[in-house]
Every structure is written in C-alpha cells, then in structure tokens.
1. So if I take the centroid of the Cα atoms in segment 37-72 and the same for segment 88-159, what is the distance between those two points in Å?
2. Calculate, axis by axis, the spread of Cα positions in the chain along the three principal axes, and write the results as whole Å, longest axis first.
3. Pull out a ≥ b ≥ c, the square roots of the eigenvalues of the alpha-carbon gyration tensor of segment 1-121, then state rounded if a/c is under 1.5, prolate if not and a/b is larger than b/c, and oblate in the remaining case.
4. Using alpha-carbon pairs under 8 Å, 6+ residues apart, how would you state the relative contact order of segment 1-133 in percent?
5. With θ set to phi - 60°, apply the Karplus curve 6.51 cos²θ - 1.76 cosθ + 1.60 along segment 63-78 and write out the HN-Hα couplings as whole Hz, x wherever there is a Gly or Pro.
6. Using a Förster radius of 45 Å, what is the FRET efficiency between LYS177 and SER3 based on their Cβ-Cβ separation? Nearest 0.05, please.
7. Compute the whole-percent fraction of alpha carbon pairs in segment 143-189 spaced more than 16 Å apart.
8. Please find the FRET efficiency linking ARG196 to LYS73, where r is the Cβ-Cβ separation and R0 is fixed at 41 Å, and quote it to the nearest 0.05.
Amino acid sequence: MRSRRLEYSESTRQALVDSAVELFTKRGYAGTSLDEVAKRARLTKGALYHHFSGKQALFEAAFDSVENAFMRKLTEIVSAPGDPWDTAIAGLRAYVRVCLEAPYQRIVIHEAPVVMGWERWREAEEHFSYGLLRSTIEVLVESGELAQLPVETMSRLLFGALSAGASTIAGSSDPRKASAEVERTIVRVVEGLRVRPDEGARAPAEPVREDRRSSRSRRR
C-alpha cells in the first residue's frame, strides 16, 4: 500500500506543476516568479524547493506535463480500432489542432527552445512525438497504405514538416487560419505518399544493368 506521506508528496508536486503550467502559459518564463507559483498552489516556497532545484527544473516539469497530456490524447486516437489510414490522418489532424491550445503553444513551442536550449528541446520533442509518428508510419507501410520507402527517412521528413507547421501556427497573427492551412498541406503531402489501388504496395523494381562484356560477346 502507498503511504500517505508519498501520496501527499506527489499531490504537492502535481499542484506546483499545475500552477506552473497555468502561470507559464499566461506570463511566460521570464514573467513568472517562483513565489507566484507557490502562492497559486497554496504552498510555501520551501515546499517548492523540496521538489525542484529551481525555476528551470520547474519549467521542464511543466513542459513534460503538457507533452504527456498531449501524447495521451494522440496515442488514444492513433491506437483506436479501425482503418489504419483513417486513424493516422485523425492523429495528424489532432496534432495540428493541439498547436492552437494555449499551454502547448506557449510552453512547448514558444518558451521551451529558449529556456531548455535548442538541443535539449529537440531531444525532448523526439522523446515525446517522434516515436509515435515513426510507429504510425511503420504500420501504414506494413499495411500497404504508404509506399515502401525507408521508414526512418519518411518519419524524419514528416516530423520536420510537423515541427515547422507548429512554429508557423504559433508565430502567426491568425493562428486558426494558419492551423487550417498547415493541416490541409500536411494531409496533402501524406496523401501524396499513399499507394494507389492499382499500384499495390510493392516498391518499383531496380533497373536491370546489362553486362557490357556479355553484350559484346552476343554481338560477335
């Protein structure tokens, strides 16, 4: 059985993270103080330092919280029973629309690359998003929905396109319009990789290269 002390510690930490997500979303990293986070969570600053070494550690916990919530939602969509293509496209659309949500837009897209540093942010994004995207593409290739191109290469290119789309939405003066344009474009790109019914799932055959010496001997 879990001890009450452990449960209290976890609930205290979660209250601090929830408070941080709300404040970082509204005011950004620079505009948020640890005193405000503790006050909103109805806890002392000492309690905050018991769980986090400082403001950046708290920010990374808030980042993880937002990403985890997003990944649970996305995993549920792409893992749903049904046609693999339909669930994959539904997941793609869901990703684009999440970029309109204030916590994701402010914390994950705007603030994280600056606060965490570009390399650390990219590593975190790959940890959360890339694996799911790659496994989805693998399923589509195996089911014959996508052309038999290298899965890793397709995944990397589409992951880059989705990341660029997220930045486009977050930086737009009209995020909803940008979201609709990004969604339409990304879906069109993926549809361009789809195997047509008359093509089958086979990759195109390699061109046969005739051996020059045998060709000369036949001419003799």
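1. 24
2. 94, 47, 37
3. Judged from the Cα gyration tensor, segment 1-121 comes out oblate (a/c at least 1.5, b/c at or above a/b).
4. Rounded, it is 27 percent for segment 1-133.
5. 4, 4, 5, 5, 5, 5, 4, 5, 5, 4, 5, 5, 4, 4, 5, 6
6. With a Förster radius of 45 Å, E is 0.30.
7. Every Cα pair in segment 143-189 considered, those over 16 Å come to 46 percent.
8. That gives a FRET efficiency of 0.85.
The values are calculated or read from the model by the stated rules, or taken from the named source; none is laboratory data. Predicted model only: the values in this text are computed from it and were never measured. So basically every Cβ, Gly included, is an ideal-geometry build from the backbone, and we count neighbours across all protein chains shown. We work out accessible area using only protein heavy atoms, side chains counted, and drop any ligands, DNA or RNA first. Shrake-Rupley method; radii C 1.70, N 1.55, O 1.52, S 1.80 Å.
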